[in-house]
1. Answer yes or no as to whether Ile60 is of a type in the set (A, V, I, L, M, F, W, C) and under 21 Å from Ile80 (Cβ atoms).
2. Does the stretch 92-105 include one or more residues that are at pLDDT 85 or above and touching a Leu at 6+ places or on another chain (Cβ under 7 Å)?
3. Evaluate the following for Leu51: is it touching a helix residue (DSSP H, G or I) at 6+ places or on another chain (Cβ under 6 Å), touching a residue at least 24 places away in the same chain (Cβ under 8 Å) and farther than 17 Å from Ile88 by Cα?
Amino acid sequence: MSNQQGQADIEKAAYKIVEVAMNSDLPDFIAERLLQLKTLLEMLKDTEWNLSEEDRDRIISAMSYLPDPIDLIPDHIPGIGFLDDAMIVEIIIRELRSEMSAYSEFCRFREAEDNRLREAGKDLEKNG
């Protein structure tokens, strides 16, 4: 399996966990952490965001735990099955707090700029 394929599998597993978090009745602590995965995944995929290779590698490395079928607490256990996954996400969030904050600010700026251009009658597809 290539490194890119491995990364794609890890990202796919993380997206699946986000979907589960959005559609399940999980304890707040777990749901909130798992939903943060979405931001981390967006940071990885955003071609306009200049995420360092070191941060990219840290995110992928930590997320590599998520698809492991033999993780600490099996995901199928109601209520706590994703607790270990949420703890891994919490570690990533703590390590990348400033990067995540900067990314949120970047996204707000980009959206405001897109809105400004749209209101000015600019075609974002041609000028973007």
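The values are calculated or read from the model by the stated rules, or taken from the named source; none is laboratory data. This is a predicted model, so every value here is computed, not measured. Cβ: placed from backbone, ideal geometry, glycine included. Neighbour counts: every protein chain shown.
1. Criteria not met by Ile60.
2. Yes, the conditions are met somewhere in the stretch 92-105.
3. Answer is yes for this residue.
Residues checked against (1) aliphatic (A, V, I, L, M); (2) modelled with pLDDT of 85 or more; (3) not in a helix (DSSP H, G or I):
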{"residue": "Gln4", "(1), (2), (3)": "no, no, no"}
{"residue": "Gln7", "(1), (2), (3)": "no, no, no"}
{"residue": "Ala13", "(1), (2), (3)": "yes, no, no"}
{"residue": "Ala21", "(1), (2), (3)": "yes, no, no"}
{"residue": "Leu26", "(1), (2), (3)": "yes, no, yes"}
{"residue": "Phe29", "(1), (2), (3)": "no, yes, no"}
{"residue": "Leu34", "(1), (2), (3)": "yes, no, no"}
{"residue": "Glu42", "(1), (2), (3)": "no, yes, no"}
